[in-house]
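The values are calculated or read from the model by the stated rules, or taken from the named source; none is laboratory data. Computed from a prediction, not measured in an experiment: that's the story for all the values here. When we count neighbours, we look across all protein chains shown, and the Cβ atoms used for this are built from the backbone with ideal geometry, even at glycine.
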Amino acid sequence: MTVHSQVTKKQAVRFLQQMLRIRLFEERVIRLVNDNEIAGVTHEYIGQEAVAVGVCEALNEGDGITSTHRGHGHIIAKGGRVDRMMAELFGRKTGYNSGRGGSMHIADLSLNIYGANGMVAAGAPIAMGAAWAHKVKGTNQVAASFFGDGAINQGVLHETMNMASLWALPVLFVCENNGYAVTLSAEQSSANTRLAERASAYNMNGKLVDGMNVLEVFAEASEAVQLARAGGGPTFLECKTYRYMGHHTAESTMNLNYRSKQEINEWKKKDPIVQLDAWLRQYYDWDVADKQQLEEEIRAEIEAAVVYARQSPAPDPLESLHNMYATPYAGLPAKGWNL
Ligand SMILES: Cc1ncc(C[n+]2csc(CCOP(=O)(O)OP(=O)(O)O)c2C)c(N)n1
Ligand SMILES: [Mg+2]
């Protein structure tokens, strides 16, 4: 990992803490899904932590993000609370969406998290809309949209990139190129797999970034944010990264053969947490015990989140029609079913 002298020890430790928080949250979630305490499956972010943390640490609190189906990492990186996230995964009333959204819809408008999103590429126009509002209001806020390589050929992303560049909107397009959309490799789906080059079609800056190196992601994202705030318009960051786990939790039972163990192991050698820990030890007063302590604190926080989720009440069925923009059809009581 290269030396980025502008990153202080305090910042680097914060990056490590956030990446560990994501990793340990996800590892705990996998166990809870396998134990059937969390219903359905979730899409794990393990391996990609440097992207969410590098980008979100370059943002201010007032800046916004949109996330994806693989969203836990983005929510944590933007300051989301793990107890309310866990409660949402458990479908409990205390969750971010009152237990109605689950893993793929976590939102917290107080943190300017405009939502995870199960529809591939659908977060991009939302981020652009937020960026447009920021520009019109002159608030100096920016918005970042995370999406995967699977989103790169979606029409809506291209409409969004064109408009964002045309109107010089303060938005970051953060492509997490982990090489696959479910089982389909980028080579099988894209005529040009150098995804950052798409930006030039819209007269936009495009950068290829090592998405396993949080310091590099942070440096590139900081530059893009600065440009966006100065009225220089959007930037497209192609962050090369890798997901260690399957597309979702159940993939481990499916015996799929779309990538080799050797490929997975090669990427694990670039692990973003191991890299940053080693960098800290090289350049600052930091040792194994420091990392262990950090890890223990986060584990305790996550266990407390599990207890919080388990002890939280389920939503009341009588309130099932609350918080909707409209009553689904005429004749239905706005306050809910009379069960
Ligand atoms: C518009 C749309 N098409 C298809 C799907 C089904 N789907 C869910 S995730 C996914 C793959 C996404 O791949 P990528 O964007 O690379 O993200 P990754 O899973 O690698 O993080 C697909 C095709 C969907 N959710 N939305
Ligand atoms: Mg992908």
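Could you give me the residue pairs with C-beta distances under 6 Å whose first residue belongs to the range 37-52 and is closer than 18 Å to L20 by Cα, whose second residue is of a type in the set (F, W, Y) and at pLDDT 95 or above wherever it lies, and which are 6+ apart or on separate chains?
I46/Y244; G47/Y242; G47/Y244
Specify which of the listed residues (V33, V13) is in contact with a helix residue (DSSP H, G or I) (Cβ under 8 Å, 6 or more places away or on another chain) and under 27 Å from M254 (Cβ atoms).
V33
Counting only residues that are surrounded by fewer than 23 Cβ atoms within 10 Å (Cβ to Cβ) and within 16 Å of ligand 2 (Cβ to nearest atom), which one in the range 118-133 is nearest to L237 (Cα to Cα)?
Just the residues of the range 118-133 that are surrounded by fewer than 23 Cβ atoms within 10 Å (Cβ to Cβ), to begin with: 118-122, 125-126, 129, 132-133.
Within this subset, residues satisfying the condition of being within 16 Å of ligand 2 (Cβ to nearest atom) are 118-122.
On the way: G118: 21, M119: 20, V120: 17, A121: 15, A122: 18 Å.
Once the filter is applied, the top-ranked residue is A121.
Can you find, within the range 70-88, the residue that is nearest to ligand 1 (Cβ to nearest atom) among those that are among the charged types (D, E, K, R) and in a helix (DSSP H, G or I)?
Looking at residues that are among the charged types (D, E, K, R) and in a helix (DSSP H, G or I), I get E88.
Quick one: count up the residues across the range 43-57 that are more than 16 Å from ligand 1 (Cβ to nearest atom) and more than 15 Å from D271 (Cβ to Cβ).
Matching residues across the range 43-57 total 2.
Here is a check on your reading of the model: is R281 of a type in the set (K, R) and touching a residue at least 60 places away in the same chain (Cβ under 8 Å)? Give the derivation first.
Working: of a type in the set (K, R): yes; touching a residue at least 60 places away in the same chain (Cβ under 8 Å): no.
The answer is no for R281.
Per-residue answers, yes or no, for (1) closer than 21 Å to T68 by Cβ; (2) buried (at least 17 other Cβ atoms within 10 Å of the Cβ); (3) not acidic (D, E):
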| position | (1), (2), (3) |
| --- | --- |
| V182 | yes, no, yes |
| S185 | yes, no, yes |
| T193 | yes, no, yes |
| E197 | no, no, no |
| K207 | yes, no, yes |
| G211 | yes, yes, yes |
| L215 | no, yes, yes |
| E223 | no, no, no |
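Inspect the range 170-183 for any residue being away from ligand 2 (no atom under 16 Å from the Cβ) and closer than 25 Å to R259 by Cα and give the result as yes or no.
Checking the range 170-183: not a single residue is away from ligand 2 (no atom under 16 Å from the Cβ) and closer than 25 Å to R259 by Cα.
How do the pairs read when you match residues in the range 174-186 that are without any contact (Cβ under 8 Å) to a residue 60 or more places away in the chain with residues anywhere that are surrounded by 20 or more Cβ atoms within 10 Å (Cβ to Cβ), using Cβ under 6 Å and keeping only pairs 6 or more apart or on different chains?
The qualifying pairs are A186/D149.
Taking the range 290-308 only, how many residues are more than 14 Å from L16 (Cβ to Cβ) and either outside any helix (DSSP H, G or I) or not aromatic (F, W, Y) (or both)?
9
Hey, among the residues in the range 273-289 that are in a helix (DSSP H, G or I) and loosely packed, with under 14 Cβ neighbours inside 10 Å, which one's nearest to the chain's Cα centre (by Cα)? Break it down into steps so the answer makes sense when it comes.
Step one: filter the range 273-289 for residues in a helix (DSSP H, G or I), giving 273-283, 288-289.
Add one more test, that the residue is loosely packed, with under 14 Cβ neighbours inside 10 Å, and what stays is 274, 278, 282, 288-289.
Details: V274: 20, A278: 24, Q282: 29, V288: 28, A289: 29 Å.
Filtering first and then ranking leaves V274.
Which of the following residues is part of a loop (DSSP other than H, G, I, E, B) and in contact with a Pro (Cβ under 7 Å, 6 or more places away or on another chain): G91, G99?
Of the residues listed, the single one that is part of a loop (DSSP other than H, G, I, E, B) and in contact with a Pro (Cβ under 7 Å, 6 or more places away or on another chain) is G99.
Here is a yes/no grid of residues against (1) over 20 Å from the mean Cα position of the chain (by Cα); (2) within 16 Å of ligand 1 (Cβ to nearest atom):
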position	(1), (2)
G123	no, yes
G129	no, no
S145	no, yes
G155	yes, yes
A168	yes, no
L172	no, no
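Tally the residues that are away from ligand 1 (no atom under 11 Å from the Cβ), part of a loop (DSSP other than H, G, I, E, B) and among the polar types (S, T, N, Q), restricting the search to the range 106-121.
Result for the range 106-121: 1.
Can you name the number of the only condition in (1) hydrophobic (A, V, I, L, M, F, W, C); (2) more than 16 Å from ligand 2 (Cβ to nearest atom); (3) in contact (Cβ under 8 Å) with a residue 24 or more places away in the chain that V136 fails?
If we test V136 against (1) hydrophobic (A, V, I, L, M, F, W, C); (2) more than 16 Å from ligand 2 (Cβ to nearest atom); (3) in contact (Cβ under 8 Å) with a residue 24 or more places away in the chain, just (3) comes out false.
Okay, residues lined up against (1) under 16 Å from V142 (Cα atoms); (2) assigned to a loop (DSSP other than H, G, I, E, B):
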| position | (1), (2) |
| --- | --- |
| R31 | no, no |
| N36 | no, yes |
| G40 | no, yes |
| E44 | no, yes |
| A50 | no, no |
| G54 | yes, no |
| G62 | yes, yes |
| T68 | no, yes |
